[in-house]
Amino acid sequence: MAKKKVEEKINLDSILFKCRDILRAARNSGSFFEKRDMMLTLVFLRFIGEKFEDGVEKLRQDLIAQGLDPDDEEIFAAFFDDATFTDGTYNLPVEARWSTIINTPAPGLNVALDTALHSIATSSKQLKGCFVEGTFTTRNLAANDIKKIVDEVNKISHKAFGEEKDLIGRVYEYFLKEFAVNATKEEGEFYTPHDAVQLIAAMIEPFDGTLYDPCCGSGGMFIQSTDLIREKRGDISRINIYGQEKEPATYRLAKMNLALRGISHNLGDEADSTFTHDLHKGLYFDYIMANPPFNLKGWYDENLKNDSRWADYVTPPESNANYAWILHMLSHLKATKGVAGFLLANGALGDSDTLEIRKKLIQNDKVEAIIILPRELFITTDISVTLWILNQNKKGGEYHGRTLRSRENEILFMDLRTWTENPVKNEGKKKIFLSDEQIQRAADIYHTWQNEGTDGTNYAVPELYRSVSKEIIEGQGWSLVPSKYIEFIDHDLDIDFNAEMSRIQAEMRDVLAQEKQSQKMLEDAFRGIGYGIN
């Protein structure tokens, strides 16, 4: 009887691993960044092509349901020659479709791919700037190499891996891990894990209005946020996306990512530094979500000394950009209702050179919550990270169907460092993730503290969270380090020492008795075979 063939499960990492190895061995494949960008552009063409094919098939089925024949020449001309899709799917010219690319003979693939890119750039304003035209003919990989890579990318499909996932971001994350010899957080090569983004979104609930990320990277914050909006409210058209990114390659990646998901966005007309060229100056947003590069150096410019973003505070220190990010985000929040959730390295909680800024932030009642996250959430760093929440309105009122109490002059501190029970599989280093249940629990702690009816003066669970008044924080020198406020229980104090000593002494007596018995048995054995024991 013939063995039943076992269908091989498609694994995204294994596909990308093969592509990586092909690129490493290929002649003229370029630097890490060029290899990565080539792969991301291919994946972009694959995904956008697949969405187009799905859109065409859906349109055919809709016409059939209406009693129309999609193969009729007049019907085809009316609906398919210049197809319009309502879900953000882009109508692609023939030369830009994946079906055209995958069926191109190997010697013509480099030219066909660049033709597709040029066609997309000239036919869609929204997609222009998502990639570098001429990418493939410039590198000019050997026909066999480019064909093998295209065939591997052809296996990547939202049908196989799930349309809801941030697949472009996932590919980016993979190459960041595998190729990142030269990729540093200072250069913007930093991918925020999904669970960290979900936690921020679950906390601040960016369901409608305007959402801004001043260092948007690959756009993962936006993707995860809109996924939450779809889940909770179902309509992403209620949120308007704004962002900025310094690195040109990552800027293009973000545009790819958002375009693929049909998310309208404004990332400015170019990649540029948020500090020296704020592309959204004068705009104020309902929500801000961000993961700025930790402890960024080299951010300062003499022209920033008297910048309006910190005119009410003091100029942030040149040593790193942590408080420059904080004040930049605060300057873009709507004055009466803006909310920001962002990640920073733990050092920002108590740095001596930022004391005056931190003190004034607390005195002005801008800080609402400080949440320390577990170590090793991030793939590219293992430093400890804090989630900050700033709120322009702590006076209370209605918010997303909840009635909030006044939290003026209170800050909620949470410490989640013990939430480390979920290891990430298949990682070389030990990494952990926050489960959906943990994210919901943390959000519930925060929202319950906000809600009408909660007594902030007694809102605490030892070793997990505590609501603290401004007066107590002042007494601690304006530090925002949670361990200064959350009660730590010395579990050794719970021990009954008399009972414990009695238990230990009893165990020692048992051990001595067993040793004495063993010695006697050994002596008896030796005597039995004629040996004397002195």
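No lab work stands behind these numbers, since they all come straight from the coordinates. From a predicted model like this one, the values you see are computed outputs, not experimental measurements. Using ideal geometry, Cβ is built from the backbone for each residue, glycine included, and neighbour counts are taken over all protein chains shown.
Observations on the structure shown:
- Contact order for segment 188-484, expressed relative to its length and based on alpha carbon pairs under 8 Å spaced 6+ residues apart, stands at 16 percent.
- Judged by the mean number of other Cβ atoms found within 10 Å, the most tightly packed of the peptides 139-152, 312-325 leads the ranking 312-325, 139-152.
- Shape call, segment 12-179: gyration tensor on alpha carbons, a/c limit 1.5: prolate
- For segment 56-69, 3J(HN,Hα) computed residue by residue from phi via the Karplus equation (6.51, -1.76, 1.60; θ = phi - 60°) reads 5, 5, 5, 4, 4, 5, 5, 5, 4, 4, 8, x, 9, 9 Hz, glycine and proline entered as x.
- In order along segment 216-232, the Karplus-derived 3J(HN,Hα) couplings, from 6.51 cos²θ - 1.76 cosθ + 1.60 at θ = phi - 60°, round to 6, x, 7, x, x, 4, 5, 4, 5, 5, 5, 4, 5, 4, 4, 5, 8 Hz, and Gly and Pro are given as x.
- Cβ crowding within 10 Å averaged over residues, with 120-130, 326-336 ranked highest first: 326-336, 120-130
- Legend: distances between Cα atoms for Lys148/Lys431; Lys305/Lys359; Lys35/Lys246; Lys281/Lys394; Lys35/Lys125; Lys125/Lys255; pairs beyond 22 Å are Lys148/Lys431; Lys281/Lys394; Lys35/Lys125.
- Per-residue ³J(HN,Hα) for segment 204-215, Karplus 6.51 cos²θ - 1.76 cosθ + 1.60, θ = phi - 60°, Hz, x for Gly and Pro: 8, 6, x, 8, 7, x, 10, 10, 10, 10, x, 9
- Packing-based exposure ordering (other Cβ within 10 Å, fewest first) of Lys281, Lys395: Lys281, Lys395
- Likely footprinting exposure, Val111, Val367, Val132, Val171, fewest C-beta neighbours within 10 Å first: Val111, Val132, Val367, Val171
- The order of the peptides 382-388, 201-207 by mean Cβ neighbours within 10 Å, most packed first, is 201-207, 382-388.
- Prolate/oblate/rounded label for segment 188-484 (Cα gyration tensor, a/c 1.5): rounded
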